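The values are calculated or read from the model by the stated rules, or taken from the named source; none is laboratory data. Just so you know, these numbers come straight off a predicted model, no measurement behind them. As a convention, Cβ positions derive from the backbone with ideal geometry for all residues, glycine included, and neighbour counts pool all protein chains shown. Just so you know, the surface numbers come from the protein's heavy atoms only, side chains and all, with ligands and any DNA or RNA stripped out. Shrake-Rupley method; radii C 1.70, N 1.55, O 1.52, S 1.80 Å.
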Amino acid sequence: MMKTAPAAIATALTAASLAFSMPTTGHAAPAPQAGAPALPVIHYRTAKVEGLDIFYREAGPKDAPTVLLLHGFPSSSFQYRNLIPALADRYHVIAPDYPGFGHSSAPDHKAFAYTFGHLTDVTEALLAQIGVLRYTLYIQDYGAPVGLRLALRHPDRGTGLIVQNGNAYKEGIQDFWKPVEALWADPTPDNRNDLRKVLTPELTRWQYVNGVRDPSRLDPDTWQHDQALLDRPGNDEIQLDLFYDYRTNVAMYTQFQDFFRRRKPPTLIVWGANDDIFPASGAKAYLRDNPGAELHLIDSGHFALEDRLDEMVPLIRDFLGRTSARR
């Protein structure tokens with residue numbers, strides 16, 4: 001008897017399914033390799049600090065040495081999305097968002113003091129709340145004044161310092177900063193408004209592509225992500241407040257430098273050499289106060305991890321392997 005069309009189709013599909021599910025001689029699927037490293041699990045958490053939701057990324061064994069990743073402007077912990085899994089097999093990695101950045105609360109600038117001292121207060125309280133009291137500091141851009149203020153407050157908590165385009169010397173404050181210095185010298189509405197151009201999509205993209213040899217290695221999601229957060233209502237005023245307060249960081253440079261001279265923390269400097277925001281002269285200056293620091297000038301710009309992760313991760317892991325200690 002001839003099969004009906006639906007029955008014939010069902011039979012054919014069953015046969016095809018069996019053919020695909022049965023291994024062919026000599027082509028059996030390989031068994032999973034014993035001991036193959038598992039991919040690190042990244043947790044996306046929120047803690048209450050000063051009544052604010054403070055977001056942070058966490059990965060790696062909690063009893064392993066901690067690496068604290070402190071982000072820059074105009075980014076957030078998102079800038080470490082690729083570095084975190086590259087470290088979390090051996091290290092406990094924490095990357096918070098400051099208030100006004102990323103997924104953390106962003107209260108109105110009239111209700112919350114957006115100063116670098118206050119950002120440090122919040123970061124310090126977060127670390128206390130989650131029980132992180134010893135760490136290697138990884139600082140980039142705004143992460144430098146926040147992290148170095150933490151180091152001054154708790155000099156015995158740091159096991160090492162990794163610096164990626166995070167400035168602590170006047171040599172690193174050059175032409176890019178002239179409009180900001182004008183605001184510091186004369187905080188008029190005109191000088192404040194002149195800095196709104198730094199918050200535009202063109203300038204956000206520029207911070208990523210400037211100094212990069214091969215822009216095809218850059219993920220455009222980075223500047224699109226940052227710009228979407230900068231464009232939130234009221235965030236411009238938050239950033240302008242921080243531009244003005246940055247002068248307090250420059251005033252503390254001598255304290256940071258004294259810390260380097262006295263404490264001589266193990267230090268790795270991985271610096272995008274083509275950065276026009278914080279040029280390489282700022283990186284070399286660290287050696288004046290801590291001659292034992294390891295300096296690597298990377299052929300990249302301000303956000304060197306975006307295009308030189310493959311070059312930087314081995315340097316970072318080697319440094320951590322020599323300097324970090326289990327808690």
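Structural remarks
- The range 104-120: number of residues that are touching a residue at least 24 places away in the same chain (Cβ under 8 Å), assigned to a helix (DSSP H, G or I) and not aromatic (Phe, Trp, Tyr): 3
- From the list Asp221, Asp231, the one residue that fits, being surrounded by 13 or more Cβ atoms within 10 Å (Cβ to Cβ) and without any contact (Cβ under 8 Å) to a residue 24 or more places away in the chain, is Asp231.
- Check on Asp310, under 19 Å from the mean Cα position of the chain (by Cα), open to solvent by 20 Å² or more (accessible area, probe 1.4 Å) and without any contact (Cβ under 8 Å) to a residue 24 or more places away in the chain: yes
- Residues satisfying the criterion are absent from the range 191-206 (criterion: free of Cβ contacts under 8 Å to residues at least 40 places away in the same chain, within 30 Å of Arg288 (Cα to Cα) and surrounded by fewer than 21 Cβ atoms within 10 Å (Cβ to Cβ)).
- Conditions (1) exposed (fewer than 15 other Cβ atoms within 10 Å of the Cβ); (2) under 19 Å from the mean Cα position of the chain (by Cα): number failed by Arg262: (2)
- Per the conditions (1) touching a Gly at 6+ places or on another chain (Cβ under 8 Å); (2) open to solvent by 30 Å² or more (accessible area, probe 1.4 Å); (3) free of Cβ contacts under 8 Å to residues at least 60 places away in the same chain, the sole criterion not satisfied by Val93 is (2).
- Restricting the range 59-93 to residues that are touching a helix residue (DSSP H, G or I) at 6+ places or on another chain (Cβ under 8 Å) and in a strand (DSSP E or B), the residue that is nearest to Leu127 (Cα to Cα): Leu68
- Check on Leu133, open to solvent by 40 Å² or more (accessible area, probe 1.4 Å), farther than 24 Å from Trp271 by Cα, of a type in the set (A, V, I, L, M) and in contact (Cβ under 8 Å) with a residue 12 or more places away in the chain: yes
- Scan of the range 242-256 for residues that are closer than 24 Å to Ala111 by Cα and open to solvent by 30 Å² or more (accessible area, probe 1.4 Å), ordered by number: Tyr244, Arg247, Thr248
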